[in-house]
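Derivation of every value follows stated rules applied to the coordinates shown; laboratory data play no part. Keep in mind that what you see is a predicted model, and the values were worked out from it rather than measured. Here the Cβ positions follow ideal geometry from the backbone for every residue, glycine too, while neighbour counts run over all protein chains shown.
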Amino acid sequence: MTEFPLPASTPPDRAEPGKPSVLFVCVHNAGRSQMAAGLLAHLSEGRIEVLSAGSQPADQINPSAVEAMAEEGIDITAETPKILTDDAVRASDVVITMGCGDECPYFPGKRYEDWVLEDPAGKGVDSVRPIRDEIKTRIQQLISELLPAGTPARS
């Protein structure tokens, strides 16, 4: 895992100055990255800007991922897989890849992490739950790193 520090200032194309921004990237943007984005948006209570994308987006989100997230009270049914763009990477402080390898563009000054997670594609909800739970654990750690002390997130 290669990590780079957060930039000292907010890029000009960011929606909210001072608000950290995280981009989740996986190949199809239909499972892991969508679950991560949903969990981060929910658990950070809007205090972190969340983006997700894929290097080869699928036609729809994995139904087992949707079901697993619904069990957590998080509705991702309105989300759609999106193509990874340089602009999305440029606008993010933290870029978390999940199996997209070298297809993610590199920009100096960004913090990059590679989360090695099982791909939920083609799996039933029983197999997706442990993936979701591993992502949730990592999201909780990420929130503790990105948000100042004293700003608790729901669990």
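Quick look at the values:
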quantity	calculated
Sequence of Phe107, Phe24 once ranked by neighbouring C-beta atoms within 10 Å, starting from the fewest	Phe107, Phe24
Built amide H within the under 5 Å cut-off of Phe24, gap 5+	Leu51, Ser52, Ala53, Ile96
Simple spin-label estimate for Lys82 and Asp59 in nanometres, 7 Å along Cα-Cβ	2.2 nm
Hits among lysines - C-alpha to C-alpha of Lys136 under 22 Å, sequence gap 8 or more where chains match	Lys19, Lys82, Lys123
Relative pair counts by distance (%), Cα atoms of segment 33-146, 10 Å bins	13, 48, 35, 4
Sites matching chymotrypsin sites (Phe, Trp or Tyr not before Pro) across segment 43-145 that sit in DSSP coil, with at most 13 neighbouring C-beta atoms within 10 Å	Tyr106
Gain upon complete extension [Val116, Asp133; 0.36 nm per residue less C-alpha separation]	4.8 nm
Under 5 Å, built H, 5+ apart or other chain: amide partners of Ala121	none
